[in-house]
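Each reported figure results from applying straightforward, stated rules to the coordinates on display, with no laboratory input. Note that this is a predicted model, so its numbers are computed, not measured. Using ideal geometry, Cβ is built from the backbone for each residue, glycine included, and neighbour counts are taken over all protein chains shown.
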Amino acid sequence: MSGPVPGPDGKLRCPWGLSAPEYRAYHDEEWGRPVRDETALFERLCLEGFQSGLSWLTILRKRENFRAAFAGFDPAAVAAFGADDVARLMADPGIVRNRAKIDAVIGNARATLRLPDGLTALVWKYAGGQGAPPRTTAEVPAATAASAALSAELRRHGFAFTGPVTAYATMQACGVVNDHLAGCFAR
């Protein structure tokens, strides 16, 4: 596994951030940056759930379609989805048409609305305690004790498709943890 590598602009980046244009934009402008907006955090959680078993590049390339299909990931709007919406989503070739994942997003929107302090507060309470920055991609974990605890708490609140790996990917995407490699300009 590799440490940071120079991009075409000479900036050192995590190696995965140079493998496709969509990855570079995501790496440089979004991944690992703190997200505290409820809708934006809900979107990241949903997209990470859709990614399960697929390439993240597939999800990034369909992101605008997901936003259109899921009302901009507004939890209140998605929570109101019914059978007609599920049928519409299952027929939409612009998204991942997986019934269990679609149902999870709708159920997770409803669970989000039931959280007393909101999804952002729940996720961010698992921030902190991160050790030294990873030097290589081999040092970046797939899950941690904190992501397992977050996953368990999400499930207690009725969330689905939020296992420890998905919870950790959400934590990374939202800047709850910073897994940009030591030496990466975005760190």
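Please specify each residue of region 19-39 satisfying the condition of being within 13 Å of ALA186 (Cα to Cα), free of Cβ contacts under 8 Å to residues at least 60 places away in the same chain and surrounded by fewer than 16 Cβ atoms within 10 Å (Cβ to Cβ).
So the first thing to find is which residues in region 19-39 are within 13 Å of ALA186 (Cα to Cα), and the list is 24-34.
Checking which are free of Cβ contacts under 8 Å to residues at least 60 places away in the same chain leaves us with 24-26, 29.
Those that are within 13 Å of ALA186 (Cα to Cα), free of Cβ contacts under 8 Å to residues at least 60 places away in the same chain and surrounded by fewer than 16 Cβ atoms within 10 Å (Cβ to Cβ): ALA25, GLU29.
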Inset, instruction - Filter region 137-165 down to residues that are surrounded by 23 or more Cβ atoms within 10 Å (Cβ to Cβ) and either closer than 20 Å to SER2 by Cα or among the hydroxyl-bearing types (Ser, Thr, Tyr) (or both), then give me how many there are. - result: 2
Legend entry - Flag if ASP92 is among the acidic types (Asp, Glu) and either farther than 18 Å from CYS174 by Cα or surrounded by 15 or more Cβ atoms within 10 Å (Cβ to Cβ) (or both): yes
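Anything in region 81-104 that is in contact with a Gly (Cβ under 7 Å, 6 or more places away or on another chain) and not small (Gly, Ala, Ser)? List them, or say none.
Selection gives LYS101 alone.
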Legend entry - Residue pairs meeting the criteria (Cβ under 6 Å; at least 6 apart or on separate chains; first touching a residue at least 24 places away in the same chain (Cβ under 8 Å) and within 15 Å of LEU113 (Cα to Cα), in region 71-94; second assigned to a helix (DSSP H, G or I) and among the aromatic types (Phe, Trp, Tyr)): PHE73/PHE42; PRO75/PHE42
Inset, instruction - Mind listing whichever residues of region 95-106 are surrounded by fewer than 17 Cβ atoms within 10 Å (Cβ to Cβ) and free of Cβ contacts under 8 Å to residues at least 60 places away in the same chain? - result: ARG97, ARG99, ASP103
